[in-house]
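**Q** One structure, pasted below without further comment.
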Amino acid sequence: AKAGGKDKAQFFSAEMTARAEQRLYMEAQLRHAQALNQLQLHWQPRVCAHSGRMLGVEGLLRWQHPELGAVSPAVFIPLAEESGLIVQLGAWVIEQACAQIAAWREAGLPAFFVSINLSARQLRDERLINTVRECLARHAVPEGQLELELTESMVMDKASSNLLQLHALRALGVGLAIDDFGTGYSSLAYLNRFPITKLKIDRSFVHDMLEDPSDRAITLAIIGLGHTLGLKVVAEGVERPREAALLREARCDELQGYLFGRPMPAEALPRWLADQAD
Ligand code: C2E
Ligand code: CA
Ligand code: CA
Ligand code: CA
């Protein structure tokens, strides 16, 4: 039994070492991912809850590595955040989003907004405003066509400097949405102190809304709260027609989820739009 215990301890420490090595390896690889063209943004449609018309897209980062395969952003974004690499990666995402807006415009697509995810580290970085301003100018992005998704904790954290950054972004005509709304801080006091334009109801509420009365109540309450504060409300993770129907009835403004479209490469979007029109 004693020997077994020791083996077990060794096994665990070997596993932990392997895991730490894997992390280090992944982090090192991530540093070169952008230069090696392994990163790509995929775009998921966001539709008007009432007309079904596409209003915009959310950009979601994809990493295809020759040995690791497709690495989930749920895995590599936290790594990039811990190492600080997210500031550089995030700047690349902002540039890609603005370039994509210009490319779709040149391809003759009707104007729609592009929403991207912003990390806390990026909001704290004082270069952010310049990065955004320069990208918007370089690609002649009209006001209101870029939207940034933040989390509740980012708006709460270090409130005063973040507040200045958020006001500067709004002054550039950038929309500000609170992502995963309802899962973070319980305080709602920040909502009218920050220049937010949208609430995005977390997928977990939408997903269980039909079966769980309390998730349904929370969803409806968020829609009511958002509207009272003059904000647009988005539901993410909409997978079933009955969810969409309930959200529409509750006057939710925008819907996003597999029911309408999965995240797709930029080239696939015109085709998706054409199929929608039929
Ligand atoms: P998120 O911002 O909450 O993005 C929504 C996630 O839900 C995406 O996962 C999307 O593919 C997935 N999703 C969309 N519709 C549905 C649906 O109907 N059902 C289900 N089950 N899932 C759906 P993804 O692409 O794996 O991204 C995971 C997270 O990684 C994102 O969550 C976001 O927090 C982060 N992320 C992705 N790209 C970026 C980026 O460029 N920058 C930053 N900072 N974070 C990013
Ligand atoms: Ca998001
Ligand atoms: Ca979300
Ligand atoms: Ca999230």
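**Q** Rounded to the nearest 0.05, what FRET efficiency do H50 and R124 give with R0 = 45 Å and r taken as the Cβ-Cβ distance? Could you check?
**A** Efficiency, rounded to the nearest 0.05: 0.75.
**Q** Now for a different question. Sort H227, H42 from largest to smallest accessible area, using a 1.4 Å probe on the heavy atoms of the protein chains.
**A** Most to least solvent-accessible, the answer reads H227, H42.
**Q** Let me ask something else. For S115, what is the net charge nearby, where nearby means another residue's Cβ is under 14 Å from its Cβ and Lys, Arg count +1, Asp, Glu -1? Could you put the intermediate results ahead of the total?
**A** Working: positive: R46, K198, K200, K232; negative: E58, E147, E149, D179, D180, E236, D253, E254.
Result for the local shell: -4.
**Q** What's the long-distance tail for the chain, i.e. % of Cα pairs beyond 33 Å? Kindly include the intermediate steps, with their values, before the conclusion.
**A** Values: 10279 of 38503 pairs.
Counting every Cα pair in the chain, those more than 33 Å apart make up 27 percent.
**Q** Where in segment 68-100 is the amide nitrogen less than 20 Å from a point lying 7 Å along the Cα-to-Cβ axis of Q22?
**A** Residues passing the 20 Å test: 68-83.
**Q** How high is the relative contact order of segment 1-108, in percent, with contacts defined as C-alpha pairs under 8 Å that are six or more residues apart?
**A** Relative CO of segment 1-108 lands at 19 percent.
**Q** Consider all pairwise Cα distances in segment 68-116 and report the whole-number % of them above 12 Å.
**A** Of all Cα-Cα pairs in segment 68-116, 70 percent lie more than 12 Å apart.
**Q** 7 Å from Cα along Cα→Cβ at both Q88 and A74: what's the point-to-point distance in nm?
**A** 2.7 nm
**Q** Measure off, as a whole percent, the carbon and sulfur share of the 1.4 Å-probe accessible area of the chain, all protein chains present.
**A** Numbers: 7570 of 13980 Å².
Summing carbon and sulfur atoms, their accessible area is 54 percent of the total for the chain.
**Q** Can you list residues from other chains, or at least 5 along the same chain, whose modelled amide H is less than 5 Å from the amide H of V57?
**A** Excluding prolines and chain starts, which carry no amide H, the hits are R46, F113, V114, S115.
**Q** Just for segment 43-177, what percent of DSSP beta bridges are antiparallel, to the closest 5?
**A** Working: 8 of 19 bridges.
Roughly 40 percent of the DSSP beta bridges within segment 43-177 come out antiparallel.
**Q** Using a 10 angstrom Cβ neighbour count of at most 16 plus a DSSP loop assignment to flag exposed GluC sites (Glu not before Pro), which longest range of the chain is free of such sites?
**A** Excluding the exposed sites themselves, the longest stretch runs over 144-210.
**Q** Please give the peptides 28-35, 110-117 ranked by average Cβ packing (other Cβ atoms within 10 Å per residue), highest first, as a rough proxy for protection.
**A** The most tightly packed comes first, giving 110-117, 28-35.
**Q** By how many nm would the segment from E143 to A35 grow when fully extended, if each residue of separation counts as 0.36 nm and the alpha-carbon distance is taken off? Mind showing how you got there, number by number?
**A** Details: separation 108, 0.36 × 108 = 38.88 nm, distance 3.01 nm.
My answer for the length gained is 35.9 nm.
**Q** Can you work out the accessible area per residue across the chain, with the rest of the protein chains kept in place, probe 1.4 Å, in square angstrom?
**A** So the chain comes to 50 Å² accessible per residue, rounded to a whole number.
**Q** Out of R248, R19, R193, any idea which swings most in a Gaussian network model of the chain, alpha carbons joined below 10 Å?
**A** Between R248, R19, R193, it is R19 that shows the largest mean-square fluctuation.
**Q** Among rounded, prolate and oblate, which fits segment 8-48 when a ≥ b ≥ c are the square roots of the eigenvalues of its C-alpha gyration tensor, a/c under 1.5 means rounded, and a/b larger than b/c means prolate?
**A** oblate
**Q** I would also like to ask the following. Which length gain, in nm to one decimal place, applies between Q276 and T228 when the Cα-Cα distance is subtracted from 0.36 nm times their residue separation?
**A** Values: separation 48, 0.36 × 48 = 17.28 nm, distance 3.18 nm.
Going from the current span to full extension adds 14.1 nm.
**Q** Hey, got a sec? Which trypsin sites (Lys or Arg not before Pro) in segment 126-160 land in a DSSP loop and have at most 11 other Cβ atoms within 10 Å?
**A** Hits after loop and neighbour filter: R127.
**Q** Still on this model: Report, in deg cm²/dmol and to the nearest 500, the calculated mean residue ellipticity at 222 nm for the chain, where each DSSP H run with n ≥ 4 adds -39500 (n - 2.57) and the sum is divided by the residue count. The partial results should precede the final answer.
**A** On the way: 11 runs with 138 residues, N = 278.
Helix contribution divided over all residues of the chain: -15500 deg cm²/dmol.
**Q** Simple spin-label model, 7 Å along Cα-to-Cβ: A107 to Q64 in nm?
**A** Calculated label separation equals 1.6 nm.
**Q** In whole Å, how far is the Cα centre of segment 262-278 from that of segment 68-94?
**A** If you average the Cα positions of each part, the centres end up 26 Å apart.
**Q** Select from L259, L68, L220 the residue whose mean-square fluctuation is largest in a Gaussian network model of the chain (Cα-Cα springs shorter than 10 Å).
**A** L68
**Q** With a cut-off of 8 Å between alpha carbons and a minimum separation of six or more residues, what is the relative contact order of segment 221-278 in percent?
**A** Working: 44 pairs, mean separation 18.3, N = 58.
Relative contact order comes out at 32 percent.
**Q** Over the chain, calculate the relative contact order: mean separation of alpha carbon pairs under 8 Å at least 6 apart, over the residue count, as a percent.
**A** Computed value for the chain: 18 percent relative contact order.
**Q** Once a ≥ b ≥ c are taken as the square roots of the eigenvalues of the Cα gyration tensor of segment 182-245, is the result rounded (a/c under 1.5), prolate (a/b larger than b/c) or oblate (a/b not larger than b/c)?
**A** prolate
**Q** Hey, another quick one. Given the options P213, P195, P73, which has the most mean-square fluctuation in a GNM of the chain, springs set between C-alpha atoms less than 10 angstrom apart?
**A** Among P213, P195, P73, the largest GNM mean-square fluctuation belongs to P213.
The values are calculated or read from the model by the stated rules, or taken from the named source; none is laboratory data. Since this is a predicted model, take the numbers as computed values, not measurements. A quick note on method: Cβ atoms are made from the backbone with ideal geometry, for glycine too, and the neighbour counts reach across all protein chains shown. Side chains included, ligands, DNA and RNA excluded: accessible areas come from the protein's heavy atoms. Shrake-Rupley method; radii C 1.70, N 1.55, O 1.52, S 1.80 Å.
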